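Structure first, commentary second.
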Amino acid sequence: MDGKYGKYGGRFVPEVLMQAVTELEEAYTEAQQDAKFQQELNYYLSEYAGRPTPLYYAENLTRKVDGAKIYLKREDLAHGGAHKINNTLGQALLAKRMGKTRVIAETGAGQHGVATAMAAAVLGLKAEIYMGTDDMARQRLNVFRMNLLGAKVHPVEAGSKTMKDAINDAFRDWVTNLQNTHYLIGSVVGPHPYPMMVRDFQCVIGNELRAECLQKEARLPDAVVACVGGGSNAAGTFFPFEDEASVKLYGVEAAGEGLETGKHAASLGAGAEGVFHGMLTYVLQDAEGQIQNTHSVSAGLDYPGVGPEHSFLNALGRAEYACATDKEAVDAFLALSQTEGIIPALESSHALAFGMKLAKKMKKKQTVVVTLSGRGDKDVESVAKFMGAKI
Amino acid sequence: MSAISEVFGKLKAQGNGALVGYVMAGDPTPELTPLIAGALVRGGIDILELGIPFSDPIADGPTIQAASVRALKAKTTPKMVLETAKAIKKQHNIPIAAMTYYNPVFKMGLEKFFTLSKRSKVDGVIIPDLPMEEAADLKKAAVASGTDTIFLAAPSTTNERLTKIVAGTSGFLYLVSHFGVTGAKTAVADSTLSLVKRVLPFTAGRIPLAVGFGVSKPEHVKRILAAGADGVIVGSAFVNIIAADQGNPKEMLAKLEATTKKLKQATLK
């Protein structure tokens, strides 16, 4: 297995990590075939993380939009408030199985850091989280949550002080502490087997929503929509539908202040092929191949690369990738809060913004499912700031 | 035989080790790089490793990360570094290996990169985030232009992989001394010496073996060479001097030359 999606993906890591990623791939393959591992994971997903999450028919929002029926896959109701726990439980169990005692992780919005801290706490692992200082400032509530959960947060001052720099420092920690440490990557990025493994752990989203949609609508959805930073909730949403030609797949990237301003995080929308963080994929870079700083109102989408499988689905045309600006995301954030009483994460608000536009153009008997990847309590301060409100 | 392995061979015949000196091109300014290279050459380096800055150097510790930031701030581009190499080659008879991450090379395009590096008489490339398994295209382009591809081995490299890496590397084998990133260390760990001894049977008679990461003092050099390595790579120790004296180039160049002399002395039998 070379971990390639078409030409994308691969394993572009320093030699010192080659053995570690090979061992990880072997351990993961073994675990996948071990009924006991799957049983244990399923136990934690249901008893601890609260799965399955509902597929909620957003009737008020549908009425407001006046188009196709809008359903929300409520990952915001999973333990920790986001889909991130699906992956952290899987990888933390795998880390234990491999005899590791310590997990490290990067985090942008803090949701993956929190989910890592939770999984580590419940499974008895030590957790250390790398986070850019810019992200720490805009997500300080999550920083304190990680501390409360017993995790240590390492501030990362380098570069853009956001997620990409946190990943750099996590890699540096990993090469230094390979023997006892598992690097718990939070998205479908990095060297093989991470993009595949994280997607597999997140497939619970798409598998559930498929069954739930069949139950409620007696048919598959016409379209599914998910936001894409690295792209883990989108990968987990899309994968179970990849062979269903009738289901349209839409990924939504962060257009920030607009693609034309250069202040955005749309790697597929405005990037070029490059090699970054262990993978060949679409990357936001300058003419010399230097990775560019990104901008998005949502820290979780603020990443200059994208999972290699998304680059592949984009090249194939199997999934379409659109984007939503900061303003469109905040508008969707407010719309959902006010029509349904659900405060969505700013990341998920990008998917929602596009999903609403899409639904409006579709027939009323059709259905759109938007994966609501997380809840927005963490973003209340950012939204207030964006709106110029004082709290 | 390439210019790089020839230098190793010549030194070995005399019973001496090779000193490979690394600096980041463009740090602190592109104008100073040829002068810095000159100071290292006068001090006695045998091979120059010239860094092309990259925004996200995951194999590097704080010293070289900061050097990358300074070089990028000074608007250093891959093309400029290759031109600088050409200028250095005109003044000094020294083999040069360009060290960078894969994306700047990938972005320029392999063919163009190796055309330019050949024109600049660059002798080899070192790309720490490009393992053997992903390097087929690069290797092809490098061979076509007569450029060495210097691969790395690490403490975690199994004997099985070592055989493949030794077969694929040219110029020398770059052995990473410990689990971790680049950066000056206070002492050489015993594990580094046993690592050298584990790797030697694979390289002996095939390809020179040089050890880098953390090597910064004459006593480090002596211990590593005594364990059987053919050379050492020193980087952060030089970059620390450049960082400390960036406001006083005269002082910086004098210190670089003096430090190099002491390190070179330690490579002699």
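The values are calculated or read from the model by the stated rules, or taken from the named source; none is laboratory data. Nothing here was measured: the structure is a model prediction, and the numbers come from that model. With ideal geometry, Cβ positions are generated from the backbone for all residues, glycine too; neighbour counts draw on all protein chains shown. All accessible areas refer to the heavy atoms of the entire protein, side chains included, with ligands and DNA or RNA removed. Shrake-Rupley method; radii C 1.70, N 1.55, O 1.52, S 1.80 Å.
At q = 0.25, 0.30 Å⁻¹, what base-10 log of I(q)/I(0) does the Debye formula yield for segment A:145-208 when every alpha carbon is treated as an equal point scatterer in vacuo?
One equal scatterer on each Cα of segment A:145-208 leads to -1.16, -1.20.
Where is the GNM fluctuation largest for chain A (alpha-carbon springs, 10 angstrom cutoff): A:304, A:344, A:52?
Highest fluctuation among the options: A:52.
Test of understanding: in a Gaussian network model of chain A with alpha carbons linked when under 10 Å, which of A:156, A:189, A:228 would top the mean-square fluctuation ranking?
A:156
Please state the relative contact order of segment A:103-189 as a whole percent: Cα pairs under 8 Å, 6+ residues apart?
Working: 152 pairs, mean separation 32.0, N = 87.
It comes to 37 percent, rounded to a whole number.
Keeping all protein chains in the complex and leaving out DNA, RNA and ligands, what accessible area do you get for residue A:181 with a 1.4 Å probe, in Å² to the nearest 10?
Number for this one is 0 Å².
Direction-averaged shadow area of the convex hull around the Cα atoms of segment B:3-261, nm²? All intermediate terms of the calculation are to be shown ahead of the outcome.
Values: hull surface 48.2 nm².
Mean orientational projected area (segment B:3-261, Cα hull): 12.0 nm².
I'd like the distance separating the alpha-carbon centroids of segment A:361-391 and segment A:76-113, in whole Å.
Value for the Cα centre distance between the two parts: 24 Å.
How fast does segment A:3-127 diffuse by Stokes-Einstein, in µm²/s, taking the Kirkwood radius from C-alpha pairs at 20 °C and 1.002 mPa s?
Numbers: Rh = 16.8 Å.
Rounded, D is 127 µm²/s.
Taking amide H positions as placed 1.01 Å from N in the peptide plane, with prolines and chain starts having none, which residues 5 or more places from residue A:188, or on another chain, fall under 5 Å of its amide H?
A:231, A:232
Under 10 °C and 1.306 mPa s, how fast does chain A diffuse according to Stokes-Einstein, given a Kirkwood radius computed over C-alpha pairs? Answer in µm²/s, whole number. Can you show the working numbers first?
Details: Rh = 20.4 Å.
In µm²/s, the coefficient is 78.
From largest accessible area down, sort A:377, A:286; use a 1.4 Å probe on the protein chains. Walk me through the numbers on the way to the answer.
Numbers: A:377 90, A:286 55 Å².
Putting A:377, A:286 in descending order of accessible area: A:377, A:286.
Are there any residues in segment B:129-145 with a reduction of at least 20 Å² in accessible surface when going from the isolated chain to the assembly of protein chains? Probe 1.4 Å, please list them by number.
B:129, B:131, B:134
Identify all aspartates and glutamates with a Cα-Cα distance to residue B:86 below 15 Å; exclude those on the same chain that are fewer than 8 residues away in sequence.
Those aspartates and glutamates meeting the cut-off are B:31, B:49, B:123.
With a 1.4 Å probe and every protein chain left in place, work out the accessible area per residue of segment B:3-261 in Å², rounded to a whole number.
So segment B:3-261 comes to 37 Å² accessible per residue, rounded to a whole number.
If one puts a single equal scatterer on every Cα of segment A:238-368 and applies the Debye formula without solvent, what log₁₀ I(q)/I(0) results at q = 0.11, 0.13, 0.14 Å⁻¹?
The calculated log intensity ratios at q = 0.11, 0.13, 0.14 Å⁻¹ are -0.41, -0.57, -0.66.
Per DSSP H run of n ≥ 4, the term is -39500 (n - 2.57); total these for the protein assembly as shown, divide by its residue number, and report the mean residue ellipticity at 222 nm rounded to 500 deg cm²/dmol.
Details: 27 runs with 307 residues, N = 660.
Estimated from H runs of four or more residues: -14000 deg cm²/dmol.
For a quick check of understanding: with a 1.4 angstrom probe and all protein chains in place, what accessible area in square angstrom does residue B:220 have, to the nearest ten?
About 0 Å², rounded to the nearest 10.
Return a whole-number percent for the relative contact order of segment B:3-261, with Cα pairs under 8 Å and 6 or more residues apart as the contact set. All intermediate terms of the calculation are to be shown ahead of the outcome.
On the way: 493 pairs, mean separation 60.6, N = 259.
Reported relative contact order: 23 percent.
Restricted to Cα positions, what overall size does the protein assembly as shown have along the principal axes? Three whole-Å values, descending.
84, 51, 46
Using the reciprocal of the averaged 1/r over all distinct C-alpha pairs, how large is the Kirkwood radius of segment B:76-208 in Å?
Numbers: mean 1/r = 0.0628 Å⁻¹.
With all distinct Cα pairs of segment B:76-208 included, I get 15.9 Å.
Trypsin sites (Lys or Arg not before Pro), restricted to segment B:74-156: which are DSSP loop and have at most 14 other Cβ atoms within 10 Å? Intermediate results must be reported in sequence, preceding the final value.
Details: sites: B:75, B:79, B:86, B:89, B:90, B:107, B:112, B:118, B:119, B:121, B:139, B:140; in loops: B:75, B:121.
For trypsin sites (Lys or Arg not before Pro) across segment B:74-156 that sit outside H, G, I, E and B with at most 14 neighbouring Cβ atoms in 10 Å, the list reads B:75.
Taking amide hydrogens as modeled 1.01 Å from N in the peptide plane, which residues meet the under 5 Å criterion relative to residue A:273, leaving out close sequence neighbours?
A:283
Which of A:164/B:118; A:84/A:378; B:75/B:185 have a Cα-Cα distance over 26 Å? Walk me through the intermediate numbers first.
Values: A:164/B:118 33 Å; A:84/A:378 14 Å; B:75/B:185 30 Å.
Cα-Cα > 26 Å for A:164/B:118; B:75/B:185; rest within.
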